[in-house]
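What follows is a set of notes on a single structure, which appears directly below.
Please treat every number below as a calculation from the coordinates, not as lab data. Everything numeric here is computed off the predicted structure, so don't read it as measured data.
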Amino acid sequence: LDEESNIVTPALRTIGNIVSGNDEQTQAIIDAGLMSHMQHLLNHPKRMVRKEACWVLSNIAAGTHQQIGTVVRTKGCMQRVAEMAKSSEWEVRKEAIWVVSNIATGGTDKQIMSVIEAGAIEAVCSVLNVNDTKMLLVAIDAVDNILKLGVKLNKDYASFVDECDGLTMIETLQEHESEEVYQNAVLIIETYFGAEDGAEDENLAPEVNGGTFSFGVPQKNVDEAECPANGHSNAQPFTTFNFAN
């Protein structure tokens, strides 16, 4: 894999197809010594080699805890993956995000903590503003599991997400055209960040102001940023009803 650059890509594609199979097939590839080549492959000058290398890793990271551990323990592997998830070509970034997300959603607590230390939070937050619904869902799922672990271990991962502008982008996703993206974004905000300051409870009784009843239905904040995927807002303003005659 390291010597003949013209055969690296097809070789990686073959390996990727094998590790896409069952756990025994994946383990056979690991046992054959794949991970000793991974650092070189992740730093290869050819974009397609780096993409295929991340694709192979994402399939291994979807395996058993033992196989995920092999990825996490490979020196420099997850640091490089997290770096590519933030700043590489989009084709490479997508595969790198899959690696991070698969570990964040399928790894043990210790393995998830390891990828967080390698830069997982910044990596997944970096794609929360892309115009790719599938990758948004993958990233949101990873963020949710990371925050869930933070609650479990009493670690303030929510602050890390906020510092990476993740919260701002998740708030923007409440205006996304995909219902699933919208629902997942709302769930994260309500579960880990609480209600927005000044937000009204929709179940509160209407307040009477003279002869006017005002119902406190909070308007989504669309002044700061709009989702790149749809570029418009369907938020409705507060509505007052006058029942006095």
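Points worth noting:
- Each principal axis of the Cα cloud of segment 87-129 was evaluated for its coordinate range; sorted largest first, these ranges are 29, 15, 15 Å.
- Using the Karplus relation 6.51 cos²θ - 1.76 cosθ + 1.60 with θ = phi - 60°, the per-residue 3J(HN,Hα) values for segment 181-193 come to 4, 4, 4, 5, 5, 4, 4, 5, 4, 5, 7, 10, 10 Hz, with x marking Gly and Pro.
- Centre-to-centre, using Cα atoms only, segment 17-39 and segment 94-133 are separated by 21 Å.
- Built amide H within the under 5 Å cut-off of residue 108, gap 5+: none
- Using a cut-off of 32 Å between Cα atoms, the listed pairs 46/148; 46/155; 75/134; 51/152 include 46/148; 46/155; 51/152 as exceeding that distance.
- For segment 1-125, diffusion coefficient by Stokes-Einstein and Kirkwood Rh (Cα), 4 °C, 1.567 mPa s, µm²/s: 92 µm²/s
- Compactness of segment 1-62 - radius of gyration and Dmax, Cα, Å: 10.7, 31
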